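*Asks:* Structure provided below as structure tokens; questions to follow.
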Amino acid sequence: MTFLKTLTGASALALLAGMAAAQTDITVAIQLEPPNLDPTGGAAQAIDSVLYSNVFEGLTRFMADGSVVPGLAESWEISDDGLTYTFTLRDGVTFHDGTTMDAEDVKFSLDRINAEDSANAQKKLFANITDVSVVDPQTVAVTLDQPNGMMLFNLAWGDAVIVAPESIENIATNPVGTGPFKFDDWVQGDRIEMSAYDGYWGDKPALTEATFRFISDPTAAFAAVMAEDVDAFVGFPAPENLPQFEADPRFQVLNGNTEGETILSTNNKMPPFDDVRVRKAVAHAIDRQAIIDGAMFGLGTPIGTHFAPHNPDYVDLIGNSQHDPELAKKLLAEAGYADGFTTTLKLPPPSYARRGGEIIAAQLREVGITAEISNLEWAQWLEEVFKGKDFGLSIVSHTEPMDIAIYANPDYYFQYDNAEFQALMDELNATTDPEGRSALLAKAQTIISEDYVNGYLFELAVSTVAKAGLQGLWLNQPTAAVDLTGVSWAE
Amino acid sequence: MIQYALRRFVSLVVSLIVASIVIFAVVEVIPGDPAAFMLGVNAQEDTLNALREQMGLNDPLPVRYFNWVTGMLSGDFGNSWTYKAPVAEMIADRIWVSLPLAIYALILSTLIAFPAGIYAASRRGKPGDIAVMGATQLGVAIPNFWFAMILVLIFAINLRWFSAGGFPGWENPFDALKSLTLPAIALALPQAAILARVMRSSLLDMLGEDFIRTARAKGLTRRQALWRHAVRNALIPVLTIIGLQFSFLLAGGIIIEQVFFLPGLGRLIFQSISARDLIVVESVVMLLVFVVILVNFAVDLAYAVVDPRLRSRV
């Protein structure tokens, strides 16, 4: 790479030429191509990355800092028993095909999630909606069977965006939403194009045209940014190249957080992990910083529980599982495994798992635990580990926002069964006041941290490399999104 | 000649039937539930079932095989599960990248290999021959993806003559060809190296044959004998290699298409396998097998044209 440096000077000329006029178009690269363009019919994050808040909008929406603000619903009222949400919709909202967005569309969209034949990946989040009724064209009443303090948050997910019955037929290839950008074209395998929608109800975006490109190979990603084929790469896949971009005045690098708690998932029902002393030993055997440095090139925030560290309700519990191999050995001896034991470590494809797995296996070996690594593809991982629960250890980043409630489900793949925690989650669901919720969330984080349910490693980082003049891109990824509404080029 | 062609044709049909069974069987036994992949970790069992029903995954295997084959025969490749688009359309889009790329690379490879091979053979043992052989040794040894990265580094990142990848579409043929140039060179050079070596050794074999001596005895110069008699006879092994190479270039573009993020068939297969989009994988692989078998069929016929003795062989 050294001869590269000496030659980059030549490209400075091209840079000067490109700075003449303020640009209003953008080419953004992401790693994976969406399999289809229906955010309500699949779990693939790439769908939301392209479409969330650009083409589709929901009743509420996430902002860059993770807060939930009004979207297509201008305001709402929650009944005293917490069971009825009455949403007032914004005036003058139209879909890109020109039809008006009104209460009927909202009812259609929400009913569709809960329909018998629904293929919505997050159906569970909306399962306790029992009725959606149209009060008048601008007002919708949503009734729940029990209070759900997360409802406004859940409605901000890409899976709950508002769609129209008129255009639902072809949503997978021709998405029609209410957002500031309308979908123009999809050249499968290469790019998706969109342009500003003239009839948008809100502030017009600064950009007039946007192209998304899909580059999965890390080397190709590096080349595309270096050659300035793309203006920004969100979720840049080659962290080893970031210092080079940081040193280059043509580019800026944004290192932010995702909602991905990366954990050493542990099968809590499989001996010897059914013994909390063994799980605690594993937790103390792990050196988080070594994993972050070795596997993630230093990017990632250590966590001590299953909660995003940038969330105001996060409690720092790293102290519960400091790196201490001697303590780990002592705990193993107490549990009757003085000579250690052998287990499986099944790794999905992302580099955090593959690279991190090697380091963790080495760290576990130091305390006498032999972890046999096997590398799986995602589909295999879902079948064997997630569904079949046939694993000892695994490494996965849980990217769903605010997903601590998975610990209340004893059938979830890591099989943590704690009645106290389950009761706590029920209480949390029934609580809508923010202070009460904070206290309950803190308690929940502490319980799972002290029970060493899983090995808590780090919050997955996301890096964006962009040209120097580009502003308004999200630093963090509170949900998978490349929100272009606030993006512009500096004059 | 007709009998020869018929025999080849029957073997083509049998190969296709066997291939379709093997492909279907292999793809269906890959572990992993496509519905679970699409819906991710939060999906409920009833949602998964609804999706499996929509995708026809609940039908028994023989029924699915039968539907697939009869569909293909009538030109209907079915619908992709993840892309929710007709597979035939997706293949039609992608083939306009992969096929031109393979042909472009094959032309480049032949244009380089023929002169190089003939030159080396006619200068046997002299410095020119040694230089060509040295260069081809290097060409055979260098993996094409590495070569591709070097090309990107030089021509896209530093010189900025080409973009680092992507494909603009055929609306502007010049831009389209330009975007295929670096990938075609990366694909062609290692193939050219192999082809040049085959061309050279095949020619040298011919030059030792009796009929060349006869030709020389008739008064032809060494060069005349080479061009009039040896080259034509040396073409048979070269044609075989070209046939194999075309199949390789078409299917083997997978890695090169990744490096240059080209929306071709290779990339489609790659994405479909990881998404467990079995119907797409099966159809694209079947198509590639069909092309390979068809190319081999064409090569067999070409032998007969080049070597009349083969026509009468039963």
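*Asks:* Test B:Leu203 against the criterion of being over 24 Å from the mean Cα position of the chain (by Cα), buried (at least 22 other Cβ atoms within 10 Å of the Cβ) and in a helix (DSSP H, G or I), and give yes or no.
*Replies:* Spelling it out, B:Leu203 is indeed over 24 Å from the mean Cα position of the chain (by Cα), buried (at least 22 other Cβ atoms within 10 Å of the Cβ) and in a helix (DSSP H, G or I).
*Asks:* Take the residues of the range A:356-383 that are surrounded by fewer than 17 Cβ atoms within 10 Å (Cβ to Cβ) and aliphatic (A, V, I, L, M): which is farthest from A:Asp324 (Cα to Cα)?
*Replies:* Residue satisfying both the conditions and the ranking: A:Ile373.
*Asks:* Only residues that are assigned to a loop (DSSP other than H, G, I, E, B) and of a type in the set (Val, Ile, Thr): list them for the range B:71-96, please.
*Replies:* B:Thr82
*Asks:* I've got another one for you. In the range A:187-202, which residue that is modelled with pLDDT of 90 or more and within 24 Å of the chain's Cα centre (by Cα) is farthest from A:Gly58 (Cα to Cα)?
*Replies:* A:Arg191
*Asks:* In the list A:Phe222, A:Phe212, which residue meets the criterion of being in a helix (DSSP H, G or I), at pLDDT 90 or above and buried (at least 18 other Cβ atoms within 10 Å of the Cβ)? Steps first, answer last, please.
*Replies:* Values: A:Phe212 fails: in a helix (DSSP H, G or I).
Checking each option against the conditions leaves just A:Phe222.
*Asks:* Any residue at all in the range B:86-95 that is within 14 Å of chain A (Cβ to nearest Cβ), at pLDDT 90 or above, buried (at least 20 other Cβ atoms within 10 Å of the Cβ) and farther than 21 Å from B:Ser202 by Cα?
*Replies:* Within the range B:86-95, not a single residue is within 14 Å of chain A (Cβ to nearest Cβ), at pLDDT 90 or above, buried (at least 20 other Cβ atoms within 10 Å of the Cβ) and farther than 21 Å from B:Ser202 by Cα.
*Asks:* A follow-up question, please. Restricted to the range B:152-171, and to residues that are in a loop (DSSP other than H, G, I, E, B) and aliphatic (A, V, I, L, M), which residue is nearest to the other protein chains (Cβ to nearest Cβ)?
*Replies:* Out of the qualifying residues, it is B:Ala164.
*Asks:* If a residue has to be assigned to a helix (DSSP H, G or I) and either in contact (Cβ under 8 Å) with a residue 24 or more places away in the chain or not basic (Lys, Arg) (or both) to count, how many in the range B:48-63 make the cut? It would help to see each step written out before you state the result.
*Replies:* Just the residues of the range B:48-63 that are assigned to a helix (DSSP H, G or I), to begin with: B:48-55, B:61-63.
Keeping just the survivors that are either in contact (Cβ under 8 Å) with a residue 24 or more places away in the chain or not basic (Lys, Arg) (or both) gives B:48-51, B:53-55, B:61-63.
Qualifying residue count for the region: 10.
*Asks:* Between a first residue in the range A:107-121 that is free of Cβ contacts under 8 Å to residues at least 24 places away in the same chain and a second residue that is aromatic (Phe, Trp, Tyr), which pairs have beta carbons less than 7 Å apart while being 6 or more apart in sequence or on different chains?
*Replies:* Note: pairs meeting the criteria are A:Asn114/A:Phe126.
Here is a yes/no grid of residues against (1) more than 14 Å from the chain's Cα centre (by Cα); (2) touching a residue at least 24 places away in the same chain (Cβ under 8 Å):
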{"site": "B:Leu195", "(1), (2)": "yes, yes"}
{"site": "B:Arg213", "(1), (2)": "yes, no"}
{"site": "B:Thr240", "(1), (2)": "no, yes"}
{"site": "B:Phe248", "(1), (2)": "no, yes"}
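*Asks:* Listed residues B:Leu226, B:Leu235; which is buried (at least 19 other Cβ atoms within 10 Å of the Cβ), at pLDDT below 80 and out of contact with any Phe, Trp or Tyr (no Cβ under 6 Å at 6 or more places or on another chain)?
*Replies:* Answer to the check: B:Leu226.
*Asks:* Could you tell me how many of the residues in the range A:56-75 are buried (at least 16 other Cβ atoms within 10 Å of the Cβ) and either small (Gly, Ala, Ser) or more than 26 Å from the chain's Cα centre (by Cα) (or both)?
*Replies:* Qualifying residue count, the range A:56-75: 5.
*Asks:* Quick one: B:Tyr83 ticks every box in (1) surrounded by 15 or more Cβ atoms within 10 Å (Cβ to Cβ); (2) within 14 Å of chain A (Cβ to nearest Cβ); (3) under 30 Å from B:Val13 (Cα atoms) bar one, so which box is it?
*Replies:* If we test B:Tyr83 against (1) surrounded by 15 or more Cβ atoms within 10 Å (Cβ to Cβ); (2) within 14 Å of chain A (Cβ to nearest Cβ); (3) under 30 Å from B:Val13 (Cα atoms), just (3) comes out false.
*Asks:* Which of (1) of a type in the set (A, V, I, L, M, F, W, C); (2) in contact (Cβ under 8 Å) with a residue 24 or more places away in the chain; (3) within 23 Å of B:Thr181 (Cα to Cα) is the odd one out, the single condition B:Val299 does not satisfy?
*Replies:* In the conditions (1) of a type in the set (A, V, I, L, M, F, W, C); (2) in contact (Cβ under 8 Å) with a residue 24 or more places away in the chain; (3) within 23 Å of B:Thr181 (Cα to Cα), B:Val299 misses (3) alone.
*Asks:* Of everything in the range B:29-47, what is charged (D, E, K, R) and either more than 10 Å from chain A (Cβ to nearest Cβ) or part of a helix (DSSP H, G or I) (or both)? Give them in sequence order.
*Replies:* B:Glu45, B:Asp46, listed by residue number.
*Asks:* Moving on. Inside the range A:191-225, can you point out the residues that are within 12 Å of another protein chain (Cβ to nearest Cβ) and small (Gly, Ala, Ser)?
*Replies:* Within the range A:191-225, A:Ser216, A:Ala220, A:Ala221, A:Ala223, A:Ala224 qualify.
*Asks:* Right, another one. Looking at the range B:274-282, is at least one residue surrounded by fewer than 19 Cβ atoms within 10 Å (Cβ to Cβ) and more than 12 Å from the chain's Cα centre (by Cα)? Let's see the steps before the verdict.
*Replies:* Our first condition is that a residue be surrounded by fewer than 19 Cβ atoms within 10 Å (Cβ to Cβ); within the range B:274-282, this holds for B:274.
Remaining after also requiring more than 12 Å from the chain's Cα centre (by Cα): B:274.
Looking for residues that are surrounded by fewer than 19 Cβ atoms within 10 Å (Cβ to Cβ) and more than 12 Å from the chain's Cα centre (by Cα), one finds at least one in the range B:274-282, hence yes.
*Asks:* Against the definition (more than 14 Å from chain A (Cβ to nearest Cβ) and of a type in the set (D, E, K, R)), how does B:Arg276 come out, yes or no?
*Replies:* Judged against the criteria, B:Arg276 is not a match.
*Asks:* A further question on this structure: Which numbered condition in (1) at pLDDT below 85; (2) on the phi < 0 side of the Ramachandran plot; (3) not aliphatic (A, V, I, L, M) is the only one that B:Gly169 fails?
*Replies:* (2)
*Asks:* Determine which member of the set A:Ala141, A:Ala164 is part of a strand (DSSP E or B) and closer than 30 Å to A:Thr84 by Cα.
*Replies:* Among A:Ala141, A:Ala164, only A:Ala141 is part of a strand (DSSP E or B) and closer than 30 Å to A:Thr84 by Cα.
*Asks:* Only one of these conditions is not met by A:Glu450: (1) surrounded by fewer than 21 Cβ atoms within 10 Å (Cβ to Cβ); (2) over 23 Å from A:Arg288 (Cα atoms). Which number is it?
*Replies:* Exception for A:Glu450: condition (2).
*Asks:* I've got another one for you. Among the residues of the range A:398-419, what is the count of those that are more than 11 Å from every other protein chain (Cβ to nearest Cβ) and either within 21 Å of A:Ile359 (Cβ to Cβ) or in contact (Cβ under 8 Å) with a residue 40 or more places away in the chain (or both)?
*Replies:* Of the range A:398-419, the ones more than 11 Å from every other protein chain (Cβ to nearest Cβ) are A:401-402, A:404, A:407-408, A:410, A:414-419.
From what is left, the residues that are either within 21 Å of A:Ile359 (Cβ to Cβ) or in contact (Cβ under 8 Å) with a residue 40 or more places away in the chain (or both) are A:401-402, A:404, A:407, A:414-417.
Residues meeting the conditions: 8.
Results for (1) within 27 Å of B:Gln258 (Cα to Cα); (2) part of a loop (DSSP other than H, G, I, E, B), shown as yes or no for each residue.
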site	(1), (2)
B:Ser98	yes, no
B:Ala105	yes, no
B:Ile118	no, no
B:Arg124	no, yes
B:Met133	no, no
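*Asks:* Still on this structure: Of all the helices (runs of 4 or more DSSP H) wholly in the range A:376-460, which have at least 3 residues that are of a type outside the set (S, T, N, Q) and at pLDDT 90 or above?
*Replies:* Ranges flagged: A:419-430, A:434-450.
*Asks:* Looking at the range A:111-127, which of the residues that are assigned to a helix (DSSP H, G or I) and more than 17 Å from A:Val140 (Cβ to Cβ) is farthest from the other protein chains (Cβ to nearest Cβ)?
*Replies:* A:Leu125
*Asks:* Checking the condition away from chain A (no Cβ under 14 Å), at pLDDT 80 or above and under 30 Å from A:Tyr413 (Cα atoms), which residue from B:Val69, B:Val13, B:Val63, B:Val26 passes?
*Replies:* Numbers: B:Val69 fails: under 30 Å from A:Tyr413 (Cα atoms); B:Val13 fails: under 30 Å from A:Tyr413 (Cα atoms); B:Val63 fails: under 30 Å from A:Tyr413 (Cα atoms).
One residue alone meets the criteria, B:Val26.
*Asks:* Another question, then. Need the failing condition index for A:Thr370 against (1) more than 21 Å from A:Ile447 (Cα to Cα); (2) not in a strand (DSSP E or B), just the number.
*Replies:* Exception for A:Thr370: condition (2).
The values are calculated or read from the model by the stated rules, or taken from the named source; none is laboratory data. Just so it is clear, the model here is predicted, and its values are computed rather than measured. As a convention, Cβ positions derive from the backbone with ideal geometry for all residues, glycine included, and neighbour counts pool all protein chains shown.
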